[in-house]
Structure formats: structure tokens, C-alpha cells
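Below you'll find the structure, written out as C-alpha cells, and then a few comments.
The values are calculated or read from the model by the stated rules, or taken from the named source; none is laboratory data. These numbers come from a predicted model, not from an experiment. Note that each Cβ is placed from the backbone with ideal geometry, even for glycine, and that neighbours are counted across all protein chains shown. Calculation scope for accessible area: heavy atoms of the full protein, side chains included, ligands and nucleic acids excluded. Shrake-Rupley method; radii C 1.70, N 1.55, O 1.52, S 1.80 Å.
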Amino acid sequence: METIDTAVIGGGVVGLAAARACAARGRSVCVLEREPRPGMGTSTHNSQVIHAGIYYPAGTLKAKHCVDGARMLYEFCQTHGVPCKRCGKLIVAQDDAEIAALEQLMARGRANGVCGLEMVDRRFIRDREPHIRAAAAIYSPNTGIVEAEALVRTLARLCTENDGFLLPGTPLVGADLRPDGIELRTPAESILARSVVNAAGLYADDVSAILRGERFRIWPCRGEYAELVPSKRGLVNGLVYPLPHTSGHGLGVHLTKTTWGSVSLGPTVCYQDRKDDYEGNRIPLETFLEPARELLPELQLEDLRLGGSGIRAKLHPPEEKFADFFIARDRSCSLLVQAAGIESPGLTACLSIGEQVAGLVEEIFE
């Protein structure tokens, strides 16, 4: 049976970043990923935005890791050639009645340490996004976009270059606690790990149960996207967001121009039972038209086509507004570090989260 210092369950951006950070500290590391290749879940099914840290309550892990993670991610992308762009973002008020909410949001961002935020008027908006309708907006110059699949590939490559082992197509099916570690069972083999990181995304609650860790529930919440047809991509130059949902479940149906030039509209918000259902009962394209016209009044139905979808790993049910990331040493299993409930801004925050997780793993070996 192979023995390893740290086994990371989950090969998304958080798991890969944690594995890389652990390997950089001299630990032997393996990553167990249930899918055929890393990053096939939430890591690449999202808006691919590098968030600045505006939305999250001050003092939360989401706020801290978003602000720190954005800085780290820009530096990482520049160093390793991952396509990204610091394109800036507008969060718009549709009319004067929404300006007070916009001001509150900007105050939250500043409290989180986000630099460069400013309130801008119609003229500023028109100069940047001439087709957008808005009474005022927050301009966030440090918000950007990243090519998520390229980020996943790069993190995976760096893990292997640091002698980490990536085991795709390897779900965790069982575990036994032993005096010298945790015996992890997969369909192919058993691995003895002296420490384990749970970065299993949508399946983090199942993995924690297998490892006899703390009990919690992941609530799958699907978000669907539409896209502008190619001939209409010129209507949008960067990132345009409405005010976030009052429910706390999302940042609103927004416009995102990707690194390769497409423009997505979404995501929607829908809690569901299954963790793997990306395509069942997709909402009709017509559903996107009204929120699209709130931002781009000239759009017609024929200007839209269906896009992809993603599933958020939420730690709170529909009736609650907020849950922070769960990043901590497990209170029931002393050899386990939890990195669960990593929804947005998880992509932005992955490198910062990875560093915290690696620090917690080191405590196990003290």
C-alpha cells in the first residue's frame, strides 16, 4: 500500500492549488479526482471572472481570500502564461432608486480593502459600454477574466512537476482510520495518507462522511447561461453586472466577455437535488431576454443562444442568504482539513485558499 504525506480529495482549482502549496512545503502529495481529468466540475463551469472582493461581508473568509487571491492569481497568470485580462467591471444601477444600494455595496468593497473603486456617471458608462443602460455604476478597475481551463491545466502541470501524483478517474469509495494515518480506498487501490484535504466541491459532504469528519450538507444550485450570437458580441466590451440578488444566492444575471471574445449572459439561480445534472430541464432561452434587456435594451431574442451551465456548491439552503467558506481542521477527524462550500469567489480565491490549507496541513505534522 502506497504511503503519502497528504492526499487531496478533489482535483478542481482549490484542490490543485492546495496540493501545489503542500508540495512546495516538501510534502509528498497525491490528488484523487473522481472525473476523467482535473477541473471538470465547478472550476470550469462558471463566469471565469477574477473578482475584486466587493460583495462579501467584511471579516469573512470569502472577503479575505478574494482580495488576496485576486492579487495572487494575476501574478500567477503572468508568470505562467495563463490567459487573463484585467478588464474592469461596471456594477450598474438601472435608475436613481438603486443608487443608494450601489453606494452601500461600494462601502462594503472598500471595507474589504478593494482598491480603486469609484462611483461613475452615465457619461463614464457610455464611454466604456455605449450600449448599456444605467443611471450610475461602481467601476472596479481590478476585476478581470481568466481562462479557467488553462488555469486548471497549469496548476495540474505544476503539481506533477513538484512530484505530486494526479489520479484522475479515482473516486474515494471508503476509508479506515488507523494509528498511522487514514487508509483511503479507491476502486483500484488503497493509499495510506498521513493527512487528508477535503476539496471535493459538490461532493465534499459525502467525502467528509466517508472520512468520519464533521457532518454538513452541500446544496447543489444550478446556474445557466445564454450567449450573444457572434454578430452581437461587439455590444459588450468587458464585464457588466446588475446589483446582486437580494436573496444572497448570486451576483445577478450579468454580461461577461471572455478571454476568447464570446459574451455570456447569466448565471441564473436554481437549487436542485442532483449534483451532476447540468442539462436536465434547461430553462427556455426566452427567460434570459428580460434581464438581458435591463442591461442591453436593444437586444432581441434572435440575438441570444443557449450557453453552458454550472452547479454551485452552497453551504446554505434557499431560505438563508449567506454561508462562508468552510476552511478549517476538522473537529471530528484530526488528520482532516476541510476546504468545503467553495462557491464564488472560489476561482479567484483558489491560490489564497491553497496557502491556508497547506498551513493547516502543516499543523497536523507539528
* Asked: Taking the mean number of other Cβ atoms within 10 Å as a proxy for protection, how do you rank 311-318, 187-194 from highest to lowest?
  -> 311-318, 187-194
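What accessible area per residue comes out for the chain, rounded to a whole number of Å², with a 1.4 Å probe? Each step should come with its number before you reach the end.
Working: 15100 Å² over 366 residues.
That works out to 41 Å² per residue.
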* Structure fact -> The set of residues whose placed amide H lies less than 5 Å from the amide H of L166, leaving out same-chain residues fewer than 5 positions away, is V31
* Residue by residue, what Karplus-based ³J(HN,Hα) values in Hz, rounded to whole numbers, does the stretch 118-124 have, using 6.51, -1.76 and 1.60 with θ = phi - 60° and x for Gly and Pro? -> 8, 8, 10, 9, 4, 5, 4
* Direction-averaged shadow area of the convex hull around the Cα atoms of the stretch 1-127, nm²? -> 10.9 nm²
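If you place +1 on the Cβ of every Lys and Arg, -1 on the Cβ of every Asp and Glu, and leave all else neutral, what size is the dipole of the chain about its Cα centre, to the nearest 20 Debye?
Details: 40 positive and 46 negative charges, 102 e Å.
Value, rounded to 20: 500 debye.
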* Which of the residue pairs K62/K232; K64/K89; K64/K314; K85/K275 have a Cα-Cα distance greater than 23 Å in the structure shown? -> K62/K232; K85/K275
* To do: Would you kindly derive the ³J(HN,Hα) couplings of the stretch 261-277 from the backbone phi angles with the Karplus curve 6.51 cos²θ - 1.76 cosθ + 1.60 (θ = phi - 60°), listing them in order in whole Hz, with x for Gly and Pro?
  => x, 6, 10, 9, 10, x, x, 7, 9, 8, 5, 8, 7, 7, 8, 10, 9
* For M72, tell me the accessible area in Å² from a 1.4 Å probe, rounded to the nearest 10. => 40 Å²
* To do: Return, for the Cα atoms of the stretch 218-366, the radius of gyration and Dmax in Å, separated by a comma.
  => 18.4, 62
